[in-house]
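Accompanying notes for the structure given below.
The values are calculated or read from the model by the stated rules, or taken from the named source; none is laboratory data. A quick note: this is a predicted structure, and the numbers were derived from the prediction, not measured. Because the Cβ atoms are built from the backbone with ideal geometry, glycine has one as well, and the counts that use them run over all protein chains shown. When the accessible area is computed, the model is the full protein with side chains, heavy atoms only, and any ligands, DNA or RNA have been set aside. Shrake-Rupley method; radii C 1.70, N 1.55, O 1.52, S 1.80 Å.
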Amino acid sequence: MRPIQATISQSALQHNLALVKKRAPGSKVMAVVKANGYGHGLMNVARGLSAADGFAVLGLNEAIDLREAGFEQTILLLEGAFSVLELDVAASYGVDVVVHSIPQIEMLELAKFSRPMNVHLKMNSGMNRLGFKPADYSQAYQRLSACKNVQSITLMTHFATADDETGITAQLNIFQTTVSGLIKQPVSLANSATILRYPQAHTDWVRPGIMLYGSSPITGTTATDFDLKPVMTLSSEIISVQTLQAGESVGYGKLFTANKTTRVGIVACGYADGYPRHVGQYLSHENQHGAKIAVNGKITQTLGRVSMDMLFADLTDIPEANIGAPVELWGSQVSVDAVANVAGTVGYELLCAVAPRVPIKTVD
Ligand SMILES: *Cc1c(COP(=O)(O)O)cnc(C)c1O
């Protein structure tokens, strides 16, 4: 079997969840497990995060899978229902919905189901993606309070700049001013960056995603800066070794040319496995090293252009590494954030993009 594998650590998930609870001791934790648990496998992560107070997903199918697997916590559809039928099914499974638009309120008013639902009313406080503008929020709230199909209303918004220097202050002020007139209802505000940086926004619920997986939401930092443990290890093996003489090159486009005798390990992992083809594209021709990569437990660099199924590691200083040597693409030796950084993206994208052809194994 091809040696590539993603290994998911249950104890790392538990550690990261405990860290969220330590940072936000007064809040319930809605673990965000959308996008197949950020690429880790929905059920794998739900098991490791079973001490969470709720799970947030996008697809009704994911919500049903969690219920049918026996999870009794709150389950929230982050984009709400897409039809009356979906709303009906969600209600029958006791699944909560975000309400972010007038058509979603109308669906709730028209629906005829036996048990009323918990809804999370989303405010657009400045992100301009989903939700009611502050001026329309209170009216949406009144309609939902008058709706017999609604059991409870949680007030919710999402911050656009919790991870950078702009911060959350402007959006938080808009949110607080808008909801100050509403009867006291539970509030849900904080994603991972907000949890790590803004204790004043730790309200009734927090909604961590990326930090639970042991990747940092804040560019320029890595998970270990926050004592988070990487949950996924993407590993493979060296399947061939080539020795380049000065002037010879390796891979498509001859992107890397050796200026001295260079030992190159061919790794069974490429962009069709989810490894970013962009690593190193931003570096100059003189400095052609790509991302950090660990071979036999030693840190080295990728070389040249990532192929569909293979990439290249510099083994010049790891002479003992041969065919069969273990490789870590990311995990505890090489942080996914560091690889993302040289690929011009974020850990979120790399984790979510691990391809279906990569087998996932769960360990304690
Ligand atoms: C994805 C998402 C989150 C989690 O964000 P992270 O940055 O991964 O912590 C929280 N809230 C909403 C509404 C989301 O869509």
Problem set entry | Lone unmet requirement of (1) surrounded by fewer than 17 Cβ atoms within 10 Å (Cβ to Cβ); (2) within 19 Å of the chain's Cα centre (by Cα); (3) under 26 Å from Ala272 (Cβ atoms) for Pro3 | (2)
Problem set entry | Check on Val98, within 16 Å of the ligand (Cβ to nearest atom), among the β-branched types (Val, Ile, Thr) and within 30 Å of Asp309 (Cβ to Cβ) | no
Exercise. Of the numbered conditions (1) open to solvent by less than 30 Å² (accessible area, probe 1.4 Å); (2) assigned to a strand (DSSP E or B), Val241 satisfies every one except a single condition; which is it?
Worked result: (1)
For this session: Search the stretch 155-175 for residues being open to solvent by 10 Å² or more (accessible area, probe 1.4 Å) and touching a Pro at 6+ places or on another chain (Cβ under 9 Å), and hand back the single one that is nearest to the ligand (Cβ to nearest atom).
Result: Asp163
For this session: Quickly run through the stretch 338-364 and pick out the residues that are within 13 Å of the ligand (Cβ to nearest atom) and outside any helix (DSSP H, G or I).
Result: Val346
Exercise. Checking Ala246 against (1) at pLDDT 95 or above; (2) of a type outside the set (Val, Ile, Thr); (3) part of a loop (DSSP other than H, G, I, E, B); (4) open to solvent by less than 30 Å² (accessible area, probe 1.4 Å), which single condition isn't satisfied?
Worked result: (4)
Exercise. Quick one: would you say Leu108 is within 28 Å of Leu49 (Cβ to Cβ) and open to solvent by less than 50 Å² (accessible area, probe 1.4 Å)?
Worked result: no
For this session: Take the stretch 59-94 and flag every residue that is β-branched (Val, Ile, Thr), within 16 Å of the ligand (Cβ to nearest atom) and over 17 Å from Leu155 (Cβ atoms).
Result: Ile75
Problem set entry | the stretch 176-208, residues that are assigned to a loop (DSSP other than H, G, I, E, B), within 16 Å of the ligand (Cβ to nearest atom) and over 19 Å from Thr166 (Cα atoms) | Pro186, Thr203, Asp204, Arg207, Pro208
For this session: Filter the stretch 19-49 for residues that are away from the ligand (no atom under 16 Å from the Cβ) and either within 20 Å of Thr203 (Cβ to Cβ) or open to solvent by 20 Å² or more (accessible area, probe 1.4 Å) (or both) and give the result.
Result: Lys22, Pro25, Gly26, Met43, Asn44, Arg47
Exercise. For Gln104, all conditions in the list (1) within 23 Å of the chain's Cα centre (by Cα); (2) within 16 Å of the ligand (Cβ to nearest atom); (3) within 20 Å of Thr154 (Cα to Cα) hold save one; what is the number of the exception?
Worked result: (1)
For this session: Would you be able to say whether some residue in the stretch 137-152 is under 26 Å from the mean Cα position of the chain (by Cα), closer than 19 Å to Pro186 by Cβ, without any contact (Cβ under 8 Å) to a residue 40 or more places away in the chain and open to solvent by less than 60 Å² (accessible area, probe 1.4 Å)?
Result: no
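This table checks each residue for (1) assigned to a strand (DSSP E or B); (2) surrounded by fewer than 20 Cβ atoms within 10 Å (Cβ to Cβ); (3) modelled with pLDDT of 95 or more; (4) over 19 Å from the mean Cα position of the chain (by Cα).
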| residue | (1), (2), (3), (4) |
| --- | --- |
| Ser284 | no, yes, no, yes |
| Ile299 | yes, yes, yes, yes |
| Thr302 | yes, no, yes, yes |
| Ala313 | yes, no, yes, yes |
| Asn322 | no, yes, yes, yes |
| Gln333 | no, yes, yes, yes |
Problem set entry | Looking only at the stretch 177-227, and only at residues there that are crowded, with 23+ Cβ neighbours inside 10 Å and of a type in the set (S, T, N, Q), the one that is nearest to the chain's Cα centre (by Cα) | Ser215
Exercise. So which residues in the stretch 67-101 are of a type in the set (A, V, I, L, M) and either in contact with a Phe, Trp or Tyr (Cβ under 6 Å, 6 or more places away or on another chain) or without any contact (Cβ under 8 Å) to a residue 12 or more places away in the chain (or both), if there are any at all?
Worked result: Ile75, Leu85, Ala91
Exercise. Within the stretch 111-135, which residues are open to solvent by 80 Å² or more (accessible area, probe 1.4 Å) and either closer than 16 Å to Gly181 by Cα or at pLDDT 95 or above (or both)?
Worked result: Asn128, Arg129, Lys133, Ala135
Problem set entry | Those residues of the stretch 265-279 which are more than 14 Å from Ala343 (Cβ to Cβ) and open to solvent by 10 Å² or more (accessible area, probe 1.4 Å), in sequence order | Ile266, Ala272
